[in-house]
Amino acid sequence: MIRVLILVLLVSICSMLPALTFAQKVSTTSDAKYSFSEHKRYAWRECRLETRQNPDTNRVMNAKIVDSVNRLLASRGFQEVQENPDLYVYYDGGGNINVGVGGADPLAISSRAPNDPTPTYGLGQGPTLAPSTWLIVKGQVVFHLVDANTKKPVWESSYRKTFRDPDKAMRNTDAEITELVSKSFKSFPPKTKK
C-alpha cells in the first residue's frame with residue numbers, strides 16, 4: 001500500500017514539472033560579427049512598458065528595471081554615458097491577462113422566472129459551488145541593443161514568464177526584476193566568434 005502511495009506521489013510530482021519548467025523562457029540573438037569588447041559605452045533610449053497597472057507603478061517598475069540593467073552592465077565593464085554612446089539600450093514589455101471562471105452553475109445563479117429580478121444563487125435549489133476565478137498573466141520583456149552609428153540591432157533578448165499569482169509577483173517586484181534582468185543578460189556579452 002505504501003509503495004502505491006509513493007508511486008502515485010512521484011507520478012503527480014513528475015506531471016507537474018513540465019508546467020513549472022515552461023513557465024519562463026529566454027531567447028537571445030546577436031550579431032556574431034559585432035565586437036562588444038570594442039563598444040563599451042551605452043545610453044538609454046525610451047522604453048515601453050505596457051501593463052494594466054497605474055502609470056505611477058509603471059514608472060517605478062521602469063526605473064527599477066533600468067537601474068538593475070545599469071548595475072549588471074557596469075559589473076561587466078560597460079559604462080552609461082549621456083553623449084557619444086557606442087550602443088543604445090531599450091526594452092519593450094507588457095503582458096496578456098487570462099481570466100478563468102469556474103465552480104458555479106450558470107443556471108443556478110439566474111432568476112427563477114423571467115420577471116423575477118432576484119437571483120437565487122442556488123439557495124432554493126440545493127447547494128452549489130461558490131464561483132471561483134483565477135488570473136494568469138503572460139508577461140514578456142524584450143531588451144534591444146542597437147549600434148549607435150549604424151542603427152542596426154546587435155543583440156536582443158526576449159524573456160517570457162507566466163505569472164500564476166500576479167499579486168504575489170507584485171509583492172515581490174524587486175526579486176522578479178532581478179530575475180528578469182539576470183536571466184535576460186545571462187549570456188551577455190556574447191562571445192565573439194573568430
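Read the figures in this text as sums done on the coordinates, not as results from a lab. Since we're looking at a predicted model, the values are computed, not measured. Backbone-built Cβ (ideal geometry, glycine too); neighbour counts: all protein chains shown.
Tabulated data for the structure shown
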item: Asn62-Asn149 pseudo-label distance in nm [points 7 Å out on the Cα-to-Cβ vector]; result: 3.1
item: Ranked list, fewest to most other Cβ atoms within 10 Å of each Cβ, for Tyr88, Tyr34; result: Tyr88, Tyr34
item: Cleavage-rule hits (GluC sites (Glu not before Pro)) in the range 23-83: DSSP loop, at most 15 neighbouring Cβ within 10 angstrom; result: Glu46, Glu83
item: Order of Asp86, Asp31, Asp167 under a 10 Å beta carbon neighbour criterion, fewest first; result: Asp167, Asp31, Asp86
item: Greater than 27 Å apart at Cα, pairs in Lys40/Lys138; Lys138/Lys191; Lys151/Lys183; Lys161/Lys186; Lys151/Lys191; Lys40/Lys64; result: Lys40/Lys138; Lys138/Lys191
item: Using θ = phi - 60° and Karplus 6.51 cos²θ - 1.76 cosθ + 1.60, couplings along the range 80-91 (whole Hz; Gly, Pro as x); result: 7, 10, 9, 10, 6, x, 7, 9, 10, 10, 7, 9
item: Pair Gln53, Ser35: separation of 7 Å Cα→Cβ label points (nm); result: 4.0
